[in-house]
1. Suppose the filter is more than 12 Å from the chain's Cα centre (by Cα) and among the acidic types (Asp, Glu); does Glu91 pass it?
2. Just checking: which of the helices (runs of 4 or more DSSP H) contained wholly in the chain hold 3 or more residues that are touching a residue at least 60 places away in the same chain (Cβ under 8 Å) and open to solvent by less than 40 Å² (accessible area, probe 1.4 Å)?
Amino acid sequence: MAKENMSFLVCCANGAGSSLMMKMTLQKVLKKLNITPGKLHHCALSEGKSAAAQFDVVLCAQNFLNMFKDAEKRGTVVIGLRNIMSMQEMEEKLKEHGIA
């Protein structure tokens, strides 16, 4: 998977606080891994579910993974996190999925 110009989507229940914090954490992790995102967007699950297939990678809390099955079938990498604020977990999951 090409590491530059990948598009990332982070989702939380309401698309306000948690997803914004997740986005900021992801920005730090991507910078550490020398990955420059083409697009980085945060939103509520309702928007994310319909927009997910337009992104290369979707990150969300583990309990929301099943909402992104259609995007996964279309080739989007969907990553579920136990702790959505953990830089370490985010970095590990990106590496596990071949993104870093």
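1. So Glu91 does not fit the description; no.
2. In the chain, 17-32, 87-96 are the helices (runs of 4 or more DSSP H) which contain 3 or more residues that are touching a residue at least 60 places away in the same chain (Cβ under 8 Å) and open to solvent by less than 40 Å² (accessible area, probe 1.4 Å).
Okay, residues lined up against (1) farther than 15 Å from Ser86 by Cβ; (2) modelled with pLDDT under 95:
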| site | (1), (2) |
| --- | --- |
| Gly17 | yes, yes |
| Thr25 | no, no |
| Val29 | no, no |
| Leu40 | yes, no |
| Ser46 | yes, yes |
| Ala52 | yes, no |
| Leu59 | no, no |
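The values are calculated or read from the model by the stated rules, or taken from the named source; none is laboratory data. Because the structure is predicted, anything quoted here is derived from the model rather than measured. Note that each Cβ is placed from the backbone with ideal geometry, even for glycine, and that neighbours are counted across all protein chains shown. The area values use the complete protein model at the heavy-atom level, side chains included, leaving out ligands, DNA and RNA. Shrake-Rupley method; radii C 1.70, N 1.55, O 1.52, S 1.80 Å.
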